[in-house]
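I have placed the structure first, in the form of structure tokens, so that the comments after it can refer back to it.
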Amino acid sequence: MNRHLSIPSPDPVLAQFTLGPLTIHTYALCILAGIVAATLITSKRLAQRGARGPVVLDIILWAVPLGIVGARFYHVFTHTGDYFYPGANLWNVFAIWDGGNALYGSLIGGAVGAYIGCRQTKIRFWSFADALAPALLVAQSLGRFGNYFNHELFGLPTTLPWGLQIEASNPKFPVGLPAGSLFHPLFLYEIIWNLIGVGIILLLERRLNLRWGRAFAVYLIWYGLGRSWLEAIRIDPTSNTLLGIPANVWASFVLVALGAALFLVQTKRHPEPEDSPYRDGHQPTPFDDPNPAVATTPAVDDAAGAPEDVPRSNSMRKRSDV
């Protein structure tokens, strides 16, 4: 194998740095970059659908914290051997800066938080989920760079020129392999897979009616398919298994099934186009839109016979569904 063409792992000192009294972890910065990117993309997409004001910020104030909690605890309970053993420091359960934040757990926790946020802002949950779908894949791609800096998320040994270099002292380095072995760079595979998924969702949205949760269903199917393959070749000796199959592979199958069911059910229930991201009966208020534009309609002046602009009420405004 040609190590000159392989992907070197970053110097361990790049995994964290100090800023005054604070220790900044690169993994956390990658996660934060993903959250910011997803917020900006989702906000723009939801605004194009007719949402007003900073509703996405109101929703993520619930979704992000619960997503982080869900991500951590899903990882812990699918890797119990890493945290619960004689003499273990149970505080490590909360050490999210060391890595170990499962995407599937973040989906569960984040979905609960998003539902709460959508209820409070009167936004349809599925409208928010559709706007979020490609943004999630962008966020996950940025987050995977954190795995790269933490020297984790690598696959089986490979002789391919883009193999990833992993130091033999890594706890997950397979016993019996010679030092200098190369491994499949799963973090890079997932980044590429996710970005292709962004393009597919955007393309399908231009050709099909991917509303009422259908764009999110495509996300679930696409990500579940890719993740099932990546987990099948991943080196993760401490992951819990069922019937010899890693927990994350089972979770990937569930994700694909849920996505397919969601697409079929919502297609049957909602063949009509989505008229507004707001729940039925709710109209945006001045609080929702800090600079509302007052639409006008021509009317005839009885005295001069010339048209004049008369303000239209909220009930007469046409709701945007771009």
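Around the amide H of Q16, modelled in the peptide plane, lie the amide H atoms of T26, all under 5 Å away and 5 or more residues distant in sequence or on another chain.
A simple spin-label model places pseudo-atoms 7 Å from Cα toward Cβ; at D58 and K44 they are separated by 2.3 nm. Accessible area per residue (1.4 Å probe, heavy atoms of protein chains only) ranks L220, L204 as L204, L220, with the largest value leading.
Per-residue 3J(HN,Hα) values for the stretch 170-179, derived from phi via the Karplus relation 6.51 cos²θ - 1.76 cosθ + 1.60 with θ = phi - 60°, read 4, x, 9, 5, x, 5, x, 7, x, 4 Hz in sequence order (x marks Gly and Pro). Roughly how many whole Å is it from the C-alpha centroid of the stretch 116-179 to that of the stretch 1-76? The distance from the Cα centre of the stretch 116-179 to that of the stretch 1-76 comes to 11 Å. With all protein chains in place and ligands, DNA and RNA left out, the 1.4 Å accessible area ranks L186, L14 as L14, L186, largest first.
A Förster radius of 25 Å, combined with the Cβ-Cβ distance separating K172 from V254, puts the computed FRET efficiency at roughly 0.50. Residues whose amide H falls under 5 Å from that of L182, counting only those 5 or more places apart or on a different chain, are T158, with hydrogens built in the peptide plane.
Amide H contacts of I7: G163, L164, Q165, each under 5 Å away and 5 or more positions distant or on a separate chain (H built 1.01 Å from N in the peptide plane; Pro and chain starts excluded). Per residue, the accessible area of the stretch 103-236 comes to 40 Å², computed with a 1.4 Å probe over protein heavy atoms only. The order of E167, E152, E274 by accessible area, most exposed first and with a 1.4 Å probe, is E167, E152, E274.
The loop-placed chymotrypsin sites (Phe, Trp or Tyr not before Pro) in the stretch 102-163, going by DSSP, that have at most 13 neighbouring Cβ atoms within 10 Å of their Cβ come out as W162. Working from Cα pairs under 8 Å separated by at least six residues, relative contact order for the stretch 206-282 is 45 percent.
Couplings 3J(HN,Hα) of the stretch 203-214, computed from phi: 5, 5, 5, 6, 10, 10, 8, 8, 10, 6, x, 6 Hz, in residue order, whole Hz [Karplus 6.51 cos²θ - 1.76 cosθ + 1.60, θ = phi - 60°; x for Gly and Pro]. Phi angles across the stretch 50-60 convert, under the Karplus curve 6.51 cos²θ - 1.76 cosθ + 1.60 with θ = phi - 60°, into 3J(HN,Hα) values of x, 6, 10, x, x, 5, 5, 4, 5, 6, 6 Hz, Gly and Pro given as x. If you filter the stretch 159-231 for trypsin sites (Lys or Arg not before Pro), then keep DSSP loop positions with at most 16 other Cβ within 10 Å, what is left? In loop regions of the stretch 159-231 (DSSP not H, G, I, E or B), the sparsely surrounded trypsin sites (Lys or Arg not before Pro) are K172.
The values are calculated or read from the model by the stated rules, or taken from the named source; none is laboratory data. These numbers come from a predicted model, not from an experiment. Note that each Cβ is placed from the backbone with ideal geometry, even for glycine, and that neighbours are counted across all protein chains shown. Side chains included, ligands, DNA and RNA excluded: accessible areas come from the protein's heavy atoms. Shrake-Rupley method; radii C 1.70, N 1.55, O 1.52, S 1.80 Å.
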